[in-house]
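Before any comments, here is the structure.
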Amino acid sequence: MSVQGEHFVDLLRLGKSYGDTRALTDLTLHIKRGEFLTLLGPSGSGKSTTLMMLAGFEQPSEGRIERNGVDITHLPADQRDFGVVFQGYALFPHMTVAQNIAYPLKVRKVPTAQITEKVGQMLERVGLEGKGNRGIKQLSGGQQQRVALARALVFEPSLLLLDEPLSALDRRLRQEMQVELAHMHKEFGTTFVFVTHDQEEALALSDRVAVFNNGLLEQLGTPQEVYERPASRFVANFLGDMNMLGVQNIRRQEENLVCDYKGQPLIVSNGVSAATVDDGKSWLAIRPEHIDLLPLSQTGGGNGVVARMEKLTYLGTHVNIDMRLADAQPVALRIPVSHPMLNNIERGQDYWCSWSRQHGSLITS
Ligand code: ADP
C-alpha cells in the first residue's frame, strides 16, 4: 500500500502547442501518491491535453514528466503503468463483465490461471461477485462504472487517469457515480487524476483541485482553498457565484487587511498579504451564502454595506436575494429558508448586508 503525500509524478514546465494553437503553457504540478487530484476548467482550457501527455498519448512541446524522479516524457504509453478511463467508460459491449476486466491482462499476456484469479478478486473488490458472466447491457449504470474501473485497475497501475468519465450522465446518476468513484478511490488507494469541467463534482470528490484557464494553471489547492480563497477573479467566478466589490487603498492593520469600498473601510482576514498588493485594481470577493441580511437598525460594527432588496427567488432549501447598492452595484445573497428576516422582507427596502472578516477574500488579478 502506498503512502499518501509522497511526490511521485511531476509535471515540470510542461507546454504544448498544436500548430498555432497554444494548448498549455508552463505547467508545473507535483502529483502526490494516493491523492484524488482533479483538473478543472472550462472547455479548451488544457485539461485533456495535460491528461493525454501524462498518459503518453501526446508529446509535450516543452518541459518534462518525471515518475519517482525518472524522466518518462518520451516513454511510450504502454510502458507507463498508468490506467485510463474515458468518457462513457468505453466498455466492450459484446464481452461479458469478466472478459472486459480480463482484457488488459490478456493484452499483457498474463497466464490464464492468473487472469482467472485476478478477475475473481477484482469482481469481489468492486462488489460484482457472481456477475462475471453477465453481459454489459444487463448491468446498471453504477455497475458499469465499477466494471470500467475494475478493468482500468486490474493490472495495478500506479496512476489512474479519468477523462470526464461522468459527463454524459444525467444529474442524479452522476451524483450516484460520484459516491461510487470516491469509494473506489478509497478502496484501491491508487492515485486518481480526474478531468472535469463541473465545479461541484471537483469540490465533492477531490483532495486537491487544479483550476485551468486558457492553458494556464490558475490555482492549485484543496476544495476549500480554491472555493474560499480564490487566487484570481477567474477562479472565484468559475467555482460558483461570487460578489466582487472593486476596492482601493489596501493596508495592513494588526493581523488584518483593510480596504476601502467607495470610502468605506472593510476588514479582511483572509487573502493576499499587504506586501504583495499594489495600487492597481483589487477586488473584495464574498460568496452569496456568507452575507447575512439584517435590518438597517443593526448597521455598524462589522463589515457590511447598505443595499436595496430587488428580487427574491425561492429554491426549496434556500432563497436567493438580489440586492443593489446605492452605486447600482448588484449584490447576491443566499440565505436559508428558516432565516427570521424572510417573514418581513420587502422589495424596495434598504437592508444591512453583513459578512465576517474571514469570509471576504482580496483578489488582485
Ligand atoms: P479541455 O480538455 O480543457 O477542454 P483541451 O486540452 O482539449 O482542453 O484543449 C486545449 C486547446 O488545445 C484548445 O484550444 C483545443 O482546441 C486545442 N487542441 C486540443 N487538441 C488539439 C488537437 N489535436 N489539434 C489541435 N488543437 C487541439
Residues of type lysines that Lys131 reaches as a straight line, Cα spacing below 21 Å, ignoring anything fewer than 8 places off in the same chain = Lys106, Lys118
Under a Gaussian network model of the chain whose springs join Cα atoms within less than 10 Å, the largest fluctuation of Ala77, Ala328, Ala98 belongs to Ala328
Under 17 Å by backbone N from the virtual spin label 7 Å along Cα-to-Cβ at Phe92, the residues of the range 140-165 are 147-155
Give the residue from Gly304, Ile286, Ser354 lying farthest towards the positive end of the charge dipole for the chain; charges sit on Cβ (+1 for Lys and Arg, -1 for Asp and Glu) and the dipole is referred to the Cα centre.
-> Ile286
Rounded to whole Å, √(5λ) for the Cα gyration tensor eigenvalues of the range 304-365, largest first, gives 21, 15, 11
Per residue, how much space in cubic angstrom lies within the convex hull of the C-alpha atoms of the chain?
-> 176
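At 10 °C and 1.306 mPa s, grab the translational diffusion coefficient of the range 242-363 from Stokes-Einstein with a Kirkwood Rh over Cα pairs, rounded to a whole number in µm² per second.
107
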Within the chain, longest stretch clear of exposed GluC sites (Glu not before Pro) (DSSP loop, no more than 15 other Cβ within 10 Å) = 130-253
Pairwise FRET efficiency - Thr21 versus Glu156, Cβ, R0 = 35 Å, nearest 0.05 = 0.45
Fully extended contour minus Cα-Cα distance, from Gln59 to Leu173, at 0.36 nm per residue = 37.6 nm
The range 7-233: relative contact order in percent, alpha carbon pairs under 8 Å with at least 6 residues between = 28
Reach of Lys311 by Cα under 30 Å, taken over lysines that are not fewer than 8 positions away in the same chain = Lys262, Lys281
Cα atoms only, the range 24-92: Rg and Dmax in Å?
-> 12.7, 37
Taking Lys47 as the anchor, which lysines have their alpha carbon closer than 16 Å to its alpha carbon, excluding any fewer than eight residues away along the same chain?
-> Lys16
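Here, each number is a calculation from the coordinates, and none is a lab measurement. A quick note: this is a predicted structure, and the numbers were derived from the prediction, not measured. Note: ideal-geometry Cβ built from the backbone for every residue, glycine included; neighbour counts use all protein chains shown.
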